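Asker: One structure follows; several queries about it will come next.
The values are calculated or read from the model by the stated rules, or taken from the named source; none is laboratory data. Note that the structure is predicted; figures quoted are calculated from it, not measured. Backbone-built Cβ (ideal geometry, glycine too); neighbour counts: all protein chains shown. Note: areas computed on protein heavy atoms with side chains; ligands, DNA, RNA excluded. Shrake-Rupley method; radii C 1.70, N 1.55, O 1.52, S 1.80 Å.
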Amino acid sequence: MRALSGRVLAASESQTLAIAARAKALARAGHDVVSLAVGEPDFPTPQCVCDAAVAAIAQGKTRYTESSGIPELRRAVAEKFRRENQLPFASEDSVLVSCGAKHSIMNALHAICNPGDRVIIVAPYWVSYPAMVTLAGAEPIVVETTPEDGFRLCPDRLRQQLDERVACVILNSPCNPTGAMYTREQLDELAAVLAEHDCYIISDEIYEKLAYTTPHVSIGAIASVADRTITVNGCSKAYAMTGWRIGFMTGPRAVIEQAAKVQSQDTSNPTTIAQYAALAALECAEPDVARMRERFAERGRLLLELLARVPLVRAYPPDGAFYVWLDVRPLLGDQMSSHQLATRLLEEFFVATVPGEAFGMNGYLRLSFATSEDNLARAVERLRRLVETIAAEKR
Ligand SMILES: Cc1ncc(COP(=O)(O)O)c(C=O)c1O
């Protein structure tokens, strides 16, 4: 058989999906599985959003739309970017609506990457970035962060990596998996380094509305890098709309035009009905967002309290998103990887988590608190029993 695409073969498969599949298989076999591996809100989509979708169907809004998205949604997104994110250049013509933020990022990478280009990714990173960069024909360059830096990219580390091969730097605040956010001052420092270098910035702000400790700031609002920043956001996490598949971005007109061309030849418009639902989300769902954020904040606090009672692990309080990044290195010693630990936790205690390796950093587990308080309590109790078992094995 003729060879398959080297680009596609080189891209890794999603490790989180593999864990979710195993957890489901154990549940089907009758085990009481508690999952802290989920990457989506467990709340229902707000009623006003569902009503708008039903109305769209009733009104026959079921045909193709403009490939880049309906004008009223693009206008609402541009207005959101200008008002909430202070992105000066956001306009209806510089917004592309896509099938989820993942699709937005992929379109953007296709628009800017050439063979031989490098794209900087900050570890721990969202699982999909490296594969997406590879699929776009560029080379992912992973820059590690440290607990001492709060898992944030520090300007000196960034400067060391920047050369003429770097086409783009991907930033993610609030971050999946650590929940870390960048303050205005931290972004100013990164922007000062980036402004000296001819590259794009993709700022993935999908968890923007789930911020607990510090206000969300968009790097695209900083004048020195405003004209090279592609700001990505969407409905999935803020409005509990993961299944509706609506993401959007704004950025330099030339980039958005090429990204729109990719989309027009690839998927055409995002689902028409979901676009009307997204419009309703932007217009009427802020009270629902506030309620969900409050619930997430409470659950995050509970999870931290519970984890504080477990020996040999250390939880990093998140600034945003709905994950706790758990340092399990003292438990692992030299013998075990976090992947092995997550496997034991799942196979012996039926708790699903995502090991740090999936995010490019061994020694940690990502625990999602997008689940009930009861599940959090049961999961941490089982984790505590595993920790005690391992400690006893070591003795
Ligand atoms: C950091 C980050 N960016 C983007 C996405 C993708 O979002 P969407 O479901 O809108 O494609 C996710 C989803 O998990 C994410 O965690």
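Asker: Might you tell me the accessible area per residue for the chain, computed with a 1.4 Å probe and given in Å²?
Answerer: 43 Å²
Asker: Excluding residues fewer than 8 places away in the same chain, name every one of the aspartates and glutamates whose C-alpha is closer than 19 Å to that of Lys209.
Answerer: The qualifying aspartates and glutamates are Glu40, Asp42, Glu79, Glu84, Glu283, Glu286, Asp288, Glu294, Glu298, Asp319.
Asker: What percent antiparallel are the DSSP beta bridges of the chain, to the nearest 5?
Answerer: The answer is about 50 percent antiparallel.
Asker: Using modelled amide H (1.01 Å from N, peptide plane; none on Pro or chain starts), what sits under 5 Å from the amide H of Ser35, excluding residues fewer than 5 places away?
Answerer: Residues meeting the criterion, in which the H sits 1.01 Å from N, are Ala352.
Asker: Let me ask something else. Using Cα centres only, tell me the gap between region 296-363 and region 171-247 in whole Å.
Answerer: If you average the Cα positions of each part, the centres end up 25 Å apart.
Asker: Oh, and also: In deg cm²/dmol, rounded to 500, what helix-only [θ] at 222 nm does the chain give when every DSSP H run of at least 4 residues adds -39500 (n - 2.57) and the total is split over its residues?
Answerer: -13500 deg cm²/dmol
Asker: Between 0 and 90 degrees, rounded to the nearest ten: what's the tilt of helix 272-284 against the longest Cα principal axis of the chain?
Answerer: Roughly 80 degrees between the two axes.
Asker: Would you mind telling me which residue in Ala195, Ala297, Ala101 has the biggest mean-square fluctuation in a Gaussian network model of the chain, where springs connect alpha carbons within a distance under 10 angstrom?
Answerer: Ala195
Asker: What Cys residues in the chain are without a partner cysteine, judged by a Cβ distance under 4.7 Å?
Answerer: Singleton cysteines: Cys50, Cys99, Cys113, Cys154, Cys168, Cys175, Cys199, Cys235.
Asker: Right, next: Which order, highest average first, do 352-362, 47-57 follow once you tally other Cβ atoms within 10 Å for each residue and take the mean per peptide?
Answerer: 352-362, 47-57
Asker: What whole-number distance in Å separates the alpha-carbon centres of region 364-395 and region 115-137?
Answerer: Each part's Cα centre sits 31 Å from the other's.
Asker: Net charge within 14 Å of Leu279 by Cβ-Cβ distance, Lys/Arg positive one each and Asp/Glu negative one each, not counting Leu279 itself?
Answerer: That works out to -3.
Asker: Classify region 318-395: rounded, prolate or oblate, from the alpha-carbon gyration tensor (a ≥ b ≥ c, eigenvalue square roots; a/c under 1.5 rounded; otherwise prolate if a/b is larger than b/c)?
Answerer: oblate
Asker: If I fit a long axis through the Cα atoms of helix 286-308 and take the longest principal axis of the Cα atoms of the chain, what angle between them do I get, 0 to 90°, rounded to 10?
Answerer: 20 degrees
Asker: Here's another thing I want to ask about it. Over the heavy atoms of His110, what accessible area does a 1.4 Å probe trace out, to the nearest 10 Å²?
Answerer: 80 Å²
Asker: A follow-up question, please. Assuming a viscosity of 0.890 mPa s and a temperature of 25 °C, what translational diffusion coefficient in µm² per second does Stokes-Einstein assign to the chain, Rh being the Kirkwood radius over Cα pairs?
Answerer: Rounded, D is 113 µm²/s.
Asker: What is the Cα coordinate range of region 277-361 on the first, second and third principal axes, sorted by size from largest, in whole angstrom?
Answerer: For region 277-361, the Cα spread along each principal axis is 53, 26, 23 Å.
Asker: For the ranges 272-280, 168-176, 141-149, 257-265, what's the packing order if you count other beta-carbon atoms within 10 Å of each residue, average per peptide, and put the highest first?
Answerer: Highest-to-lowest ranking by the protection proxy: 168-176, 272-280, 257-265, 141-149.
Asker: In region 60-135, which chymotrypsin sites (Phe, Trp or Tyr not before Pro) fall in coil by DSSP and have 14 or fewer other Cβ atoms within 10 Å?
Answerer: Tyr64
Asker: Determine the share of the chain's accessible area contributed by carbon and sulfur atoms, expressed in whole percent, with a 1.4 angstrom probe.
Answerer: On the chain, the fraction of accessible area on carbon and sulfur atoms equals 51 percent.
Asker: Specify the angular offset, from 0 to 90 degrees and rounded to the nearest 10, of the alpha carbon long axis of helix 338-349 from the longest principal axis of the alpha carbons in the chain.
Answerer: Approximately 70 degrees, to the nearest ten.
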